[in-house]
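Below: the structure, in structure tokens.
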Amino acid sequence: LVLVVDFGAQYAQLIARRVREARVYSEIVPHTMPVEEMLARGPKAIILSGGPSSVYADDAPGIDDAIFDAGTPVFGMCYGFQLMAQGLGGTVAATGSREYGRTPVSVGEAGTLLADIPAQHSVWMSHGDSVTEAPDGFAVLASTEGTPVAAFESTARRMAGVQWHPEVLHSEHGQRVLEHFLLDIAGCRPTWTMVNIVEEQIERIRAQIGDRGKAICGLSGGVDSAVAAAIVQRAIGDRLTCVYVDHGLMRKGETEQVERDFVAATGANLVVVDAEKRFLDALSGITDPEEKRKTIGREFIRVFEQAEADVLGDAVTGEDADKVAFLVQGTLYPDVVESGGGAGTSNIKSHHNVGGLPDDLEFELVEPLRTLFKDEVRMVGEQLGLPADIVWRQPFPGPGLGIRIIGEVTRERLDILREADAIAREELTRAGLDRDIWQMPVVLLADVRSVGVQGDGRTYGHPVVLRPVTSEDAMTADWARLPYEVMERISTRITNEVAEVNRVAIDITSKPPGTIEWE
Ligand code: XMP
């Protein structure tokens, strides 16, 4: 275990991911956690992240110097590097030379940390203060024009630091610097692999559920719920039932993929609830985006709870029922970190008001992905043998195509959008772009019509808008520069093959200001 101490910048999650890419398990802890508590967890190394402050600011988040006396390897980056310098007896000063963005760095004596890294390369900086003197016993390894001490190490004390942000992609060789620290200086072993994750999680879930009752998992068609379900299936077999609500707002082929491919890959019990009519009836006449979302959300909960009651009904009235039911959720590590939760398993128990279930039935959450990042979830999915279509699926909103039809949602309009969307996804896959494009919603402007000409005739059809974006986490996004040939093929095919669509437009708005979805 490597602990990443978060000093309040957005970099801690990225650092934790990079550590795991080096195949060393990592977790994030807040800088407010007492040092004894950090050490009590027995970390093999501690990384001090960057942060927004100056070490001189009155309210600057600090760290107890005891962290440097424990014999535990420590690595500092940016602000963490300055805290280290200060805590170990070096000097940090406001030199007046600020460096932001791409900065050339010169490696002097490379030491262990910068071994085999080019003497001149560029790194990502973001700092005002600078370290002007390294602590006693530390060798200075690199400098920049504005920073005499840009990296230092003491292999005897197993500590090192860099002024830059090795975790961002703009820093050349950043991953190697991090690996030199983890593997060569701190002596961590690269044993965190997907096989281990799967086995560990299966063991954990067996320990949590034991032989107490049944579990239920809602499948959305997306990767998170599918992987969560597949892990729990491995752990408890037939006592898991998956419920998939088909609200009729799915993409083409999606329901079939879940019914056929997911079941084939996992052998899980699956209940499919066909609720298309119910959802379309409820959505009839609604054009306001928020009202659509609320309607879909409300109907979804009703349908899912009814299915839950049907599935669990006999489990909790049977002979050896102990009135515990487990609800599997695909919560990911970023959600856990962002909601302020620390490590450990969640044991949240909640009473569920579901018609048809006994009042005192307790639901316990099972969250097999609680420690994982999205890219790890995909790797685990592959490890578990889930189909690539599911593992590499683009994120898809809960309200489905309902919020990609601008105007009222009808079955006819859904069919049009499903066809256009299927073509766009097919061409994206054919061009090998699935892993570069975060997602590409296709939006039907159902209340807009435009004139076109096709063959000898005038057409009066609807436009669709392609919304390809790149992103790391959907919080921000940029519009993706799709190759012209790919756009051309998508446009030609959609206008030829989908009779009602006679125009294809492309959305070139970043987020912010635009959201990814149109509604
Ligand atoms: P926006 O449109 O807010 O979307 O930029 C950010 C990401 O979230 C997805 N999204 C949703 N996911 N339920 C979901 O599960 C929703 O109601 C919902 N709305 C948007 C969207 O596809 C994008 O990945």
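The values are calculated or read from the model by the stated rules, or taken from the named source; none is laboratory data. The structure displayed is predicted, hence computed values, not measured ones. Every residue, glycine among them, receives a Cβ derived from its backbone with ideal geometry; neighbour counts consider all protein chains shown.
Just to be sure, is THR103 among the β-branched types (Val, Ile, Thr), surrounded by fewer than 23 Cβ atoms within 10 Å (Cβ to Cβ) and within 20 Å of GLY51 (Cβ to Cβ)?
Spelling it out, THR103 is indeed among the β-branched types (Val, Ile, Thr), surrounded by fewer than 23 Cβ atoms within 10 Å (Cβ to Cβ) and within 20 Å of GLY51 (Cβ to Cβ).
Any idea how many residues of the stretch 174-223 are within 16 Å of the ligand (Cβ to nearest atom), at negative phi and in contact with a Lys or Arg (Cβ under 8 Å, 6 or more places away or on another chain)?
2
Is at least one residue of the stretch 499-507 within 12 Å of the ligand (Cβ to nearest atom) and within 30 Å of GLY457 (Cα to Cα)?
Checked the stretch 499-507: at least one residue is within 12 Å of the ligand (Cβ to nearest atom) and within 30 Å of GLY457 (Cα to Cα).
Go through (1) more than 27 Å from GLN10 (Cβ to Cβ); (2) modelled with pLDDT of 95 or more for PRO148 and report which single condition fails.
Failed condition: (2).
Cβ contacts < 6 Å: first residue assigned by TED's automatic domain parsing to the domain that holds HIS247, restricted to the stretch 272-295; second residue within 14 Å of the ligand (Cβ to nearest atom) and in a strand (DSSP E or B), any location; separation 6+ or different chain. Result?
Listed by first residue and then by second, the contacts come to VAL273/VAL245; ALA275/VAL245.
Hey, can you tell me all the residues within the stretch 394-424 that are part of a loop (DSSP other than H, G, I, E, B), surrounded by fewer than 23 Cβ atoms within 10 Å (Cβ to Cβ), within 16 Å of the ligand (Cβ to nearest atom) and touching a residue at least 60 places away in the same chain (Cβ under 8 Å)?
Listed by number, the residues that qualify are PRO395, PHE396, PRO397, GLY398, ILE406.
So PRO387 fits all but one of (1) within 15 Å of the ligand (Cβ to nearest atom); (2) touching an Asp or Glu at 6+ places or on another chain (Cβ under 7 Å); what number is the exception?
(1)
Is it true that some residue in the stretch 497-506 is of a type in the set (S, T, N, Q), out of contact with any strand residue (DSSP E or B) (no Cβ under 8 Å at 6 or more places or on another chain), closer than 20 Å to LEU414 by Cα and not in a loop (DSSP other than H, G, I, E, B)?
The answer is no; no qualifying residue exists.
Looking only at the stretch 190-208, decide whether some residue is outside any helix (DSSP H, G or I) and buried (at least 22 other Cβ atoms within 10 Å of the Cβ).
Within the stretch 190-208, not a single residue is outside any helix (DSSP H, G or I) and buried (at least 22 other Cβ atoms within 10 Å of the Cβ).
Against the definition (out of contact with any strand residue (DSSP E or B) (no Cβ under 9 Å at 6 or more places or on another chain) and more than 25 Å from ARG298 (Cα to Cα)), how does ALA388 come out, yes or no?
In short, yes.
Kindly provide the set of residues from the stretch 437-476 that are in a loop (DSSP other than H, G, I, E, B), in contact with a helix residue (DSSP H, G or I) (Cβ under 9 Å, 6 or more places away or on another chain) and within 16 Å of the ligand (Cβ to nearest atom), ordered by number.
Within the stretch 437-476, ILE437, MET440, PRO441, PRO468, GLU472, ASP473 qualify.
What is the residue count in the stretch 477-493 for residues that are in contact (Cβ under 8 Å) with a residue 40 or more places away in the chain and outside any helix (DSSP H, G or I)?
Matching residues across the stretch 477-493 total 3.
Going by the structure shown, is GLU167 within 22 Å of the chain's Cα centre (by Cα), under 21 Å from LEU1 (Cα atoms), among the charged types (D, E, K, R) and surrounded by 15 or more Cβ atoms within 10 Å (Cβ to Cβ)?
yes
So, GLY76, is that one of a type outside the set (Val, Ile, Thr), surrounded by 20 or more Cβ atoms within 10 Å (Cβ to Cβ) and modelled with pLDDT under 95 or not?
Considered against the rule, which asks whether it is of a type outside the set (Val, Ile, Thr), surrounded by 20 or more Cβ atoms within 10 Å (Cβ to Cβ) and modelled with pLDDT under 95, GLY76 comes out as no.
ARG489 versus (1) within 16 Å of the ligand (Cβ to nearest atom); (2) surrounded by fewer than 19 Cβ atoms within 10 Å (Cβ to Cβ); (3) basic (Lys, Arg): which is the lone unmet condition?
(1)
I'm trying to understand the selection: among the residues of the stretch 28-67, which are small (Gly, Ala, Ser) and not in a loop (DSSP other than H, G, I, E, B)?
Result: ALA40, ALA45, ALA66.
Yes or no, residue by residue, for (1) in contact with a Ser or Thr (Cβ under 8 Å, 6 or more places away or on another chain); (2) outside the structural domain of ASP335 (by TED's automatic domain parsing); (3) charged (D, E, K, R):
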site: ILE15; (1), (2), (3): yes, yes, no
site: GLU27; (1), (2), (3): yes, yes, yes
site: VAL35; (1), (2), (3): no, yes, no
site: LEU39; (1), (2), (3): yes, yes, no
site: ASP58; (1), (2), (3): no, yes, yes
site: PHE68; (1), (2), (3): no, yes, no
